[in-house]
Structures are given as structure tokens and as C-alpha cells.
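Below is one structure, written out as C-alpha cells; the observations come after it.
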Amino acid sequence: MFIDNFIVNFKKELVFNYSNTLAIFILLCFLIFNTYTDLKEYKIYNKSNLLLIILRLVLYPIFPLSLSNLLGGVFSFIVFIIPAVMFMYRMGGDIKLATVIGFYLGLYTMPLFIAITLISAMALGYLIRFIKNKNFNKLPLAPFFLVSHIVMWILFLIIK
């Protein structure tokens, strides 16, 4: 029952979110910018996250916020803050960006979004470790947020 309800809500939320081309395009542009800065400088700027939140609020008349959007942001924050605190990782920009993405996509789509992000990051990390036979401390997450966004958009095109 719970899983059936979750899947129904996931489909509704995915279609609702990705049907709003303007909001999804804005998110895509910011993810591309954040990917660039994260790869180049290992930094996601607070101004970028703040502007993304402001744009989300401006889009309210055509892309209304719901409780699911707020909970999606909270869920994303919790998922990323726990390992950062436990293992003393410096990933403040990644946490803030994930929270803002949660505000855009909502609670039901964020678990799959985060799973795609983390699985693709782990896969690339292990591949780099295997090929170069060296450990690394930093792996920027913004490129994997971008990959997840594109995968979710493709999933939307398949489902709708």
C-alpha cells in the first residue's frame, strides 16, 4: 500500500515538475553553471543558490510550492548533512544546492534523484580509482546533480 501510494505520487510529482519547462530549464542552466564552478574551483557559490531560490519563489504563480516541495528540500538537506557531519566532509555548497533542488522537485522525486546522483558519483569514483590506482579526497557533486536532472527529465519524457 505504501509503495503503491509512493509510486503514484512520484509519477504525479515528476509529471507536474517536468511539465513546467521554464522552471526545469532554469534549474538546468544553474546546474550547468554550478557544474562548471564545482569542477573548476570545487565551489558552489551561495549567490547562485540564493538566486535559484529567489527564482523558485518568483515562479510561484505558474509553478506553485506545496508541502512536498518544502519536505523535498528538508529531506535533501538531511540526506547530505548527515555524512558531512559524521565524516567531517566540507560539502556546504553541495548540501545547499541539493536542498534547493529539493525545493524545486519535491519529496517524492528526490529519493530517486539522490540515488542517481550518488550511484553515478560512486561509479565514477571507483572507475577513477581503478584506472589511476589512486585515492582522491574531493569529488564535486554538481556534475552528478546535472546527470540526475537529465536522467529524471528523460524519465519524464518516457512516463508522460
Scan the range 33-80 for residues that are under 15 Å from the mean Cα position of the chain (by Cα), of a type in the set (Phe, Trp, Tyr) and closer than 14 Å to Gly92 by Cβ and jot them down. Phe77, Phe80
For Tyr126, are the conditions met, namely being at pLDDT below 95, over 17 Å from the mean Cα position of the chain (by Cα), under 18 Å from Thr21 (Cβ atoms) and not β-branched (Val, Ile, Thr)? no
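Given the residues Ala84, Ala98, which is the only one that is aliphatic (A, V, I, L, M), within 18 Å of Ile24 (Cα to Cα) and assigned to a helix (DSSP H, G or I)?
Matching residue, one of Ala84, Ala98: Ala98.
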Can you name the residue in the range 24-63 that is β-branched (Val, Ile, Thr) and part of a loop (DSSP other than H, G, I, E, B) and, of all such residues, is modelled with the lowest pLDDT? Ile62
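With the requirement that a residue be outside any helix (DSSP H, G or I) and within 10 Å of Ser76 (Cβ to Cβ), what does the range 107-122 give you?
Leu107
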Cβ-Cβ under 7 Å pairs, at least 6 apart or on other chains, the range 137-148 side of a type outside the set (S, T, N, Q), far side crowded, with 22+ Cβ neighbours inside 10 Å and not in a helix (DSSP H, G or I): Ala142/Ile44
Would you please list the contacts, defined by Cβ atoms under 8 Å and residues six or more apart or on different chains, that run from a residue in the range 79-98 that is among the hydrophobic types (A, V, I, L, M, F, W, C) and at pLDDT 85 or above to a residue that is surrounded by fewer than 20 Cβ atoms within 10 Å (Cβ to Cβ) and not in a helix (DSSP H, G or I)? Ala84/Arg90
Filtering the range 58-84 down to residues that are β-branched (Val, Ile, Thr) and within 17 Å of Ile114 (Cβ to Cβ) yields Val74, Ile78, Val79, Ile81, Ile82
Considering (1) surrounded by 12 or more Cβ atoms within 10 Å (Cβ to Cβ); (2) modelled with pLDDT under 95, say which one Ser148 fails and leave the rest. (2)
Can you tell me which residue in the range 4-47 is surrounded by the fewest Cβ atoms within 10 Å (Cβ to Cβ), limited to those that are farther than 30 Å from Lys138 by Cα and of a type in the set (D, E, K, R)? Asp4
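The values are calculated or read from the model by the stated rules, or taken from the named source; none is laboratory data. From a predicted model like this one, the values you see are computed outputs, not experimental measurements. Counting neighbours? That spans all protein chains shown, and the Cβs are built from the backbone with ideal geometry, glycine included.
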